[in-house]
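Everything below concerns the one structure shown next.
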């Protein structure tokens, strides 16, 4: 069974990600681990607690969406810095076939400005980069 690590925050519940996981699942059995870095939104002042609460809610919605699709998924909220969040997961020795990084479009994505896709590729796994729109979350 192939395993994928999905790294997303504001785009986690988007249709672009549903399309990609369905495509991967169509090629054979697979499982997903959702990693939501507790990154604060760019608007306004956010506390660490607020960022974590929003990430938890996004994770809950993302896991529910995966279950609705009949896909096996686990997940967690990670470090607010996405590279460190990925590193924390990989250092536990979990095996993945690829990392899926879901970002906002280039003009608004802090993760792309921080060169996240290239930096995550430095962990030695194939990286699939997809671009989506922010999904609102209510807590």
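Values in this text are rule-based calculations from the coordinates and carry no lab data. A quick note: this is a predicted structure, and the numbers were derived from the prediction, not measured. Because the Cβ atoms are built from the backbone with ideal geometry, glycine has one as well, and the counts that use them run over all protein chains shown.
Listing for the model above:
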{"quantity": "Folded to 0 to 90 degrees: helix 82-91 orientation relative to the chain principal axis, Cα", "calculated": "40 degrees"}
{"quantity": "Cα long-axis angle, helix 15-26 against the chain (0 to 90 degrees, to the nearest 10)", "calculated": "20 degrees"}
{"quantity": "For 107, 20, order by how many other beta-carbon atoms lie within 10 Å, fewest first", "calculated": "107, 20"}
{"quantity": "Shape box of segment 2-131 [Cα atoms, principal axes, largest first, Å]", "calculated": "43, 31, 30"}
{"quantity": "Rounded to 5, percent antiparallel among DSSP beta bridges of the chain", "calculated": "0 percent"}
{"quantity": "Mean ellipticity per residue at 222 nm, deg cm²/dmol - from DSSP H runs of n ≥ 4 across the chain, formula -39500 (n - 2.57)", "calculated": "-11500 deg cm²/dmol"}
{"quantity": "Spin-label proximity, residue 108 to segment 3-42 - amide N less than 12 Å from point 7 Å beyond Cα toward beta carbon", "calculated": "10-11, 42"}
{"quantity": "Between 0 and 90°, nearest 10: helix 48-68 axis offset from the chain longest Cα axis", "calculated": "30 degrees"}
{"quantity": "Sorted by Cβ density within 10 Å, fewest first, the residues 103, 19", "calculated": "19, 103"}
{"quantity": "Segment 108-133 versus segment 6-37: alpha-carbon centroid distance in Å", "calculated": "14 Å"}
